[in-house]
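Just below is one structure, and these are the notes that go with it.
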Amino acid sequence: LTPFKDERMHYAGKKADQIRAVNPDMIVLPCHSCHGQIKQTIEHYELPDIPVKYLWEAVAEALVME
């Protein structure tokens with residue numbers, strides 16, 4: 001994916017629009033590639049600072065009882 005950053009960011013514009021429309025509190029992703037792509041998209045399109053977590057992080061946090 002690395003050599004095609006301009007192309008990825010162009011097509012990620014649609015995902016950025018979807019993120020803006022939903023205005024999520026958090027984005028949870030299952031894989032390393034998806035995680036990196038969304039983090040780059042948020043930065044590139046200057047979206048609000050939305051926490052981006054791996055699925056395992058969200059599950060681990062849900063299992064912790066205070």
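Below is a table of values for the structure above.
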quantity: Residues satisfying the stated conditions in the stretch 9-30, i.e. touching a strand residue (DSSP E or B) at 6+ places or on another chain (Cβ under 8 Å) and within 20 Å of residue 60 (Cα to Cα); calculated: 26, 27, 28, 29, 30
quantity: Count - residues of the stretch 5-33 that are surrounded by 12 or more Cβ atoms within 10 Å (Cβ to Cβ), in a helix (DSSP H, G or I) and hydrophobic (A, V, I, L, M, F, W, C); calculated: 4
quantity: Count of residues meeting criterion [within 14 Å of the chain's Cα centre (by Cα) and open to solvent by 80 Å² or more (accessible area, probe 1.4 Å)] in the stretch 52-66; calculated: 1
quantity: Enumeration of residues in the stretch 34-47 that are in contact (Cβ under 8 Å) with a residue 12 or more places away in the chain, open to solvent by 30 Å² or more (accessible area, probe 1.4 Å) and either among the hydrophobic types (A, V, I, L, M, F, W, C) or part of a loop (DSSP other than H, G, I, E, B) (or both); calculated: 45
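The values are calculated or read from the model by the stated rules, or taken from the named source; none is laboratory data. All figures in this text were calculated on a predicted structure; none of them were measured in a lab. Cβ sites come from the backbone with ideal geometry, for glycine too, and all protein chains shown count toward neighbours. Ligands, DNA and RNA are excluded from the accessible area calculation, which covers all protein heavy atoms including side chains. Shrake-Rupley method; radii C 1.70, N 1.55, O 1.52, S 1.80 Å.
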